[in-house]
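In what follows, a single structure is set out as structure tokens and then discussed.
The values are calculated or read from the model by the stated rules, or taken from the named source; none is laboratory data. Nothing here was measured: the structure is a model prediction, and the numbers come from that model. Here the Cβ positions follow ideal geometry from the backbone for every residue, glycine too, while neighbour counts run over all protein chains shown.
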Ligand code: FAD
Ligand code: EPU
């Protein structure tokens, strides 16, 4: 148990903030004991995985519980499928590598996403044409109101684009303890349609790609665009890609015929926030100790000693500019704490 602990190394933005108390928890029993300890009863509590999707807006006045629950278990397998139970504190990318090494298909496109397995269902992590909801069978969580261990089926998690029940109805009420996944051992269909995956495979002269080749291609693409938080503090995409009516897109096309977009359901399209931010003149722009990244405008970065107010002010300035230029309001993907 640490008191008045620096959170700088516990979140990837690397902003200097403090927690009144901080503990690393290694088992569901230990977790429950902290939640039920009368010494912490009146204090707010925060679950932290890898801290790669949070922005601390102030010192945290309560108890931060850092998830260290470990274990990967094969529950069942046949020639075609494998069913896994993965403890929520496992590192997501280490799990991807574990599966890729065994040639189990399903999460290779989600290579190199930072953070823990338990945070993955929170926002239904996604990249390069795949979301975790496609392989997730169920989520186990500790109900923080009655301390029962419960599970939710995939359908009950209410997954959407960067959305789940854990960000809404169950916000602050559930500590995800394990995630159940179903992966393919045979007959797995590789997803190569997104963006630069095929180009990367061609560049590497891979003619008959396998699961490991997709993972390598995704890693190479990500390393070429996204800043490494170990070198430059950031939390990935700061905003979600807005989903708007096609009429809004048509309006933009009158002045910007090449605006990129993706279908997002009947009459709706997703417009890349990175493009909107770049067109609004923010890409690569530095303001004090923060800024929009030069290779990916959607990523806000900490050049070393950024204060949370600087990042927040930058985010609001970007939201205001994009709204006045395109009439589209951006919403943060990052969780403000
Ligand atoms: P944290 O940041 O620790 O927590 C995020 C939220 O989940 C917080 O509200 C926290 O309280 C809650 N939480 C965490 N663990 C639990 C739990 N066990 N039970 C209940 N609540 C919990 N995301 C994508 O979807 N796709 C990407 O391609 C992607 N790329 C990224 C690239 C970079 C460089 C970075 C820095 C981030 C990227 N992200 C991406 C965002 C981030 O990696 C994911 O959201 C990841 O799942 C966060 O995991 P974490 O353990 O760090 O969560
Ligand atoms: N674009 C620009 N300028 C930029 C950045 C992007 O014009 O500065 C354009 C690109 O040219 C492309 C389009 O926007 O046409 C999409 O760009 P990219 O493929 O880089 O993806 P993104 O939409 O910016 C999303 C996710 C990422 C995920 C990638 C790959 C969101 C909010 N972000 O980014 O997830 O890794 O796709 O699938 O959906 C994250 O959530 O933290 C994250 C990094």
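Quick look at the values:
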{"quantity": "Residue check for residue 299: within 10 Å of ligand 2 (Cβ to nearest atom) and either in the same structural domain as residue 16 (by TED's automatic domain parsing) or out of contact with any helix residue (DSSP H, G or I) (no Cβ under 6 Å at 6 or more places or on another chain) (or both)", "calculated": "yes"}
{"quantity": "Evaluation of residue 259 against (1) closer than 24 Å to residue 123 by Cβ; (2) within 10 Å of ligand 2 (Cβ to nearest atom); (3) not in a helix (DSSP H, G or I) (one fails), failing number", "calculated": "(1)"}
{"quantity": "Test result for residue 221, within 16 Å of ligand 2 (Cβ to nearest atom), touching a residue at least 24 places away in the same chain (Cβ under 8 Å) and either in a loop (DSSP other than H, G, I, E, B) or buried (at least 19 other Cβ atoms within 10 Å of the Cβ) (or both)", "calculated": "yes"}
{"quantity": "Set 312, 295, 286: member being within 20 Å of the chain's Cα centre (by Cα) and over 24 Å from residue 126 (Cβ atoms)", "calculated": "312"}
{"quantity": "Residue in segment 198-210 that is under 26 Å from residue 116 (Cβ atoms), modelled with pLDDT of 95 or more and not assigned by TED's automatic domain parsing to the domain that holds residue 51 present", "calculated": "no"}
{"quantity": "Some residue of segment 72-83 being crowded, with 16+ Cβ neighbours inside 10 Å, near ligand 1 (Cβ under 10 Å from one of its atoms) and not in a loop (DSSP other than H, G, I, E, B)", "calculated": "no"}
{"quantity": "Positions within segment 36-65 being farther than 28 Å from residue 232 by Cβ and in contact with a strand residue (DSSP E or B) (Cβ under 7 Å, 6 or more places away or on another chain), in sequence order", "calculated": "40, 43, 44, 45, 61, 62, 63"}
{"quantity": "Selected residue (criterion: farthest from ligand 2 (Cβ to nearest atom)) from residues of segment 109-131 that are in contact with a strand residue (DSSP E or B) (Cβ under 8 Å, 6 or more places away or on another chain) and not in a loop (DSSP other than H, G, I, E, B)", "calculated": "116"}
{"quantity": "Positions within segment 27-58 being within 21 Å of residue 9 (Cα to Cα) and surrounded by 15 or more Cβ atoms within 10 Å (Cβ to Cβ), in sequence order", "calculated": "45, 46, 47, 48, 49, 50, 51, 52, 53, 54, 55, 56"}
{"quantity": "Selection status of residue 147, closer than 30 Å to residue 32 by Cα and modelled with pLDDT of 95 or more", "calculated": "no"}
{"quantity": "Checklist (1) over 17 Å from the mean Cα position of the chain (by Cα); (2) part of a strand (DSSP E or B); (3) under 21 Å from residue 113 (Cα atoms) applied to residue 151, failing item", "calculated": "(3)"}
{"quantity": "Failed item, numbered, when residue 236 is tested on (1) within 11 Å of ligand 2 (Cβ to nearest atom); (2) at pLDDT 95 or above; (3) in contact with a helix residue (DSSP H, G or I) (Cβ under 9 Å, 6 or more places away or on another chain); (4) more than 19 Å from residue 99 (Cβ to Cβ)", "calculated": "(3)"}
{"quantity": "Candidate set: segment 112-128, residues that are more than 7 Å from ligand 1 (Cβ to nearest atom) and crowded, with 23+ Cβ neighbours inside 10 Å; chosen: the one nearest to residue 262 (Cα to Cα)", "calculated": "121"}
{"quantity": "Conditions (1) within 16 Å of ligand 1 (Cβ to nearest atom); (2) without any contact (Cβ under 8 Å) to a residue 40 or more places away in the chain; (3) in a loop (DSSP other than H, G, I, E, B); (4) surrounded by 14 or more Cβ atoms within 10 Å (Cβ to Cβ): number failed by residue 296", "calculated": "(2)"}
{"quantity": "Complete set of residues in segment 223-268 that are out of contact with any strand residue (DSSP E or B) (no Cβ under 8 Å at 6 or more places or on another chain) and under 22 Å from residue 199 (Cα atoms)", "calculated": "223, 224, 225, 258, 259, 260"}
